[in-house]
Amino acid sequence: MSEAKMRVLITGGAGFIGSHSAEVLRARGIELTVLDNLSTGHLDNLSSLGGRFRFLEGDVRDPEALNSAMEGCQAVLHLAALVSVPESIRSPLLAHAINATGTLNVLEAARAQGIKRVVLASSAAVYGENQNLPLGEGEAAQSLSPYAAQKYLGEVYASIYSHLQGMSPVCLRYFNVFGPRQDPASPYSGVLSLFIEALVQGKKATIFGDGGATRDFVYVEDVALANLLAILAPESSEPLIFNVGTGKRTSILQAFEAVREAAGVQATPAFAPPREGDIVHSCADIGRARASLGYHPRFSFSEGITRTVAWSQGGNA
Ligand code: UD2
């Protein structure tokens, strides 16, 4: 699909990944419509766009809001979600309404408007405890939480809309995304935003377990780039599923050291027992995204950390 004169709807566009994606798309001359209920997103996150987008305050549980938001759009980037695993366990029906029914609402509104390309935010959570690393997209899904089940269901619906409705959805399985604007306020925030917040404020960061667990941390601007590539990818009769990570593993202890160094502080972590339900290792095989989308992560882990710490210390995002 050509980006010239293109308009894309970003659901959740005022959030962490959404606002970075909006910047990347806008820089390519793509017109934007943002639908966000501002429950966790903030319009401030979009301040660098200087108002050059259409904004609708609304919710993916509301089909009418989706219909009007999609007017004039040729593609949808669907990021709006209730992203917390623990919250999905506490409130499975609410999480289902937002994550599963909300995604079905998006696909249905796109079908009604003749929009073929819908990019869905999925998650590495769909792999559950599968430890066949690096994880390829063909690996078995293993949903261990309502959140994972809802993200997986979104992929299943994408496949159904591809086969029955001739749509061309793309599902992106994000690994551990980090970067500026990730909100450290919740105790369930990503480990890097918690470490950065703690060290920048002179507080103690806690490592659960011995710090040997590893994750595939991917910088948010690389995720935004993957979103752009997925929007522009040629139509396919098969639903497309791609991992979005880096293919590299970083231990939690290494992550702590990197944050400590970037923040320029002397600090030691506190250690606490491993968190119940945590997987030990996670890492993406990004070969398929490289080959089919031309996705090549541009930011090393340490570069991403430097930028995120600078933002947390009051710099620009
Ligand atoms: C991420 C997602 C989760 C789900 C899962 C799928 C986040 C916040 N969570 O969980 O929603 O998609 O991936 O696999 O993106 N840790 C510490 N100290 C802290 C916080 C965490 O040591 O203060 C450890 C934690 O025990 C784990 C690692 O850091 O070993 C990563 O934790 P996380 O919550 O950032 O992410 P993860 O991969 O467990």
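Can you tell me which of Ala224, Ala205 is in the same structural domain as His42 (by TED's automatic domain parsing) and of a type outside the set (Lys, Arg)?
Numbers: Ala205 fails: in the same structural domain as His42 (by TED's automatic domain parsing).
Criteria check complete, one pass: Ala224.
Could you name every one of the helices (runs of 4 or more DSSP H) located completely within region 1-97 that has at least 1 residues being within 16 Å of the ligand (Cβ to nearest atom)?
Values: elements: 16-27, 63-69, 85-90, 92-95.
Output list reads 16-27, 85-90, 92-95.
For region 261-298, give me each residue that is away from the ligand (no atom under 13 Å from the Cβ), surrounded by 20 or more Cβ atoms within 10 Å (Cβ to Cβ) and of a type outside the set (Gly, Ala, Ser).
The answer is Ile286, Leu293, Tyr295, Pro297.
Six or more apart or on different chains, Cβ atoms under 8 Å: show the pairs whose first residue is in region 141-163 and farther than 23 Å from Arg111 by Cα and whose second is within 10 Å of the ligand (Cβ to nearest atom) and among the β-branched types (Val, Ile, Thr).
Listed by first residue and then by second, the contacts come to Ala141/Val126; Gln142/Val126; Ser143/Val126; Ser145/Val85; Tyr147/Val83; Tyr147/Val85; Ala148/Val85; Ala148/Val126.
Residues in region 222-240: is at least one more than 23 Å from the chain's Cα centre (by Cα), modelled with pLDDT under 95 and under 30 Å from Arg28 (Cβ atoms)? Talk me through it step by step, then tell me what you get.
Applying the first criterion (more than 23 Å from the chain's Cα centre (by Cα)) to region 222-240 yields 237.
Right, trim to modelled with pLDDT under 95 and you get 237.
Of the ones still in play, those that are also under 30 Å from Arg28 (Cβ atoms) are 237.
The answer is yes, given that some residue of region 222-240 is more than 23 Å from the chain's Cα centre (by Cα), modelled with pLDDT under 95 and under 30 Å from Arg28 (Cβ atoms).
If a residue has to be part of a strand (DSSP E or B) and in contact with a helix residue (DSSP H, G or I) (Cβ under 6 Å, 6 or more places away or on another chain) to count, how many in region 218-236 make the cut?
Selection size over region 218-236: 1.
Do you know which residues across region 102-136 are free of Cβ contacts under 8 Å to residues at least 60 places away in the same chain and surrounded by fewer than 19 Cβ atoms within 10 Å (Cβ to Cβ)?
Leu104, Glu108, Arg111, Ala112, Gln113, Gly114, Asn130, Asn132 - these are the residues of region 102-136 that are free of Cβ contacts under 8 Å to residues at least 60 places away in the same chain and surrounded by fewer than 19 Cβ atoms within 10 Å (Cβ to Cβ).
Could you list, ordered by first residue, the pairs with Cβ atoms under 7 Å in which the first is in region 180-207 and over 19 Å from Arg275 (Cα atoms) and the second is near the ligand (Cβ under 8 Å from one of its atoms) and part of a loop (DSSP other than H, G, I, E, B), at least 6 apart or interchain?
As it stands, the answer is Gln182/Ser189; Gln182/Gly190; Asp183/Ser189; Leu199/Ala205, since those pairs meet every condition given.
Give region 258-317 a look and list any residue that's over 28 Å from Phe242 (Cα atoms) and hydroxyl-bearing (Ser, Thr, Tyr), or say none.
Once the filter is applied, which keeps residues that are over 28 Å from Phe242 (Cα atoms) and hydroxyl-bearing (Ser, Thr, Tyr), region 258-317 yields Thr268, Ser312.
Residues being in a loop (DSSP other than H, G, I, E, B), at pLDDT 95 or above and within 8 Å of the ligand (Cβ to nearest atom): count how many of those fall in region 147-189.
1
When only residues in region 165-211 that are in contact with a Pro (Cβ under 6 Å, 6 or more places away or on another chain) and of a type in the set (A, V, I, L, M, F, W, C) count, which is nearest to Gln313 (Cα to Cα)?
Step one: list which residues in region 165-211 are in contact with a Pro (Cβ under 6 Å, 6 or more places away or on another chain), which gives 169, 188, 193-194, 197, 205, 207-209.
After this cut, where a residue has to be of a type in the set (A, V, I, L, M, F, W, C) as well, the list is 194, 205, 207-208.
On the way: Leu194: 14, Ala205: 17, Ile207: 22, Phe208: 25 Å.
So the residue we want is Leu194.
Residue check: is Pro184 closer than 21 Å to Ala141 by Cβ, over 15 Å from the mean Cα position of the chain (by Cα) and not acidic (Asp, Glu)? Write out each step before concluding.
Working: closer than 21 Å to Ala141 by Cβ: no; over 15 Å from the mean Cα position of the chain (by Cα): yes; not acidic (Asp, Glu): yes.
No.
Within region 252-276, restricting attention to residues that are among the β-branched types (Val, Ile, Thr) and in a loop (DSSP other than H, G, I, E, B), which residue is nearest to Glu303 (Cα to Cα)? Steps first, answer last, please.
Residues of region 252-276 that are among the β-branched types (Val, Ile, Thr), as a first pass: 252, 259, 265, 268.
The next check asks that each one be in a loop (DSSP other than H, G, I, E, B); those that pass are 265, 268.
Values: Val265: 18, Thr268: 22 Å.
Restricting to residues being among the β-branched types (Val, Ile, Thr) and in a loop (DSSP other than H, G, I, E, B), the top hit is Val265.
Please determine, by comparing only the residues of region 241-260 that are away from the ligand (no atom under 13 Å from the Cβ) and under 18 Å from the mean Cα position of the chain (by Cα), which one is farthest from Ala158 (Cα to Cα).
Restricting to residues being away from the ligand (no atom under 13 Å from the Cβ) and under 18 Å from the mean Cα position of the chain (by Cα), the top hit is Lys248.
The values are calculated or read from the model by the stated rules, or taken from the named source; none is laboratory data. The model shown is predicted, which means the values in this text are computed figures rather than measured ones. Here Cβ is always computed from backbone atoms with ideal geometry, including for glycine, and neighbour counts include all displayed protein chains.
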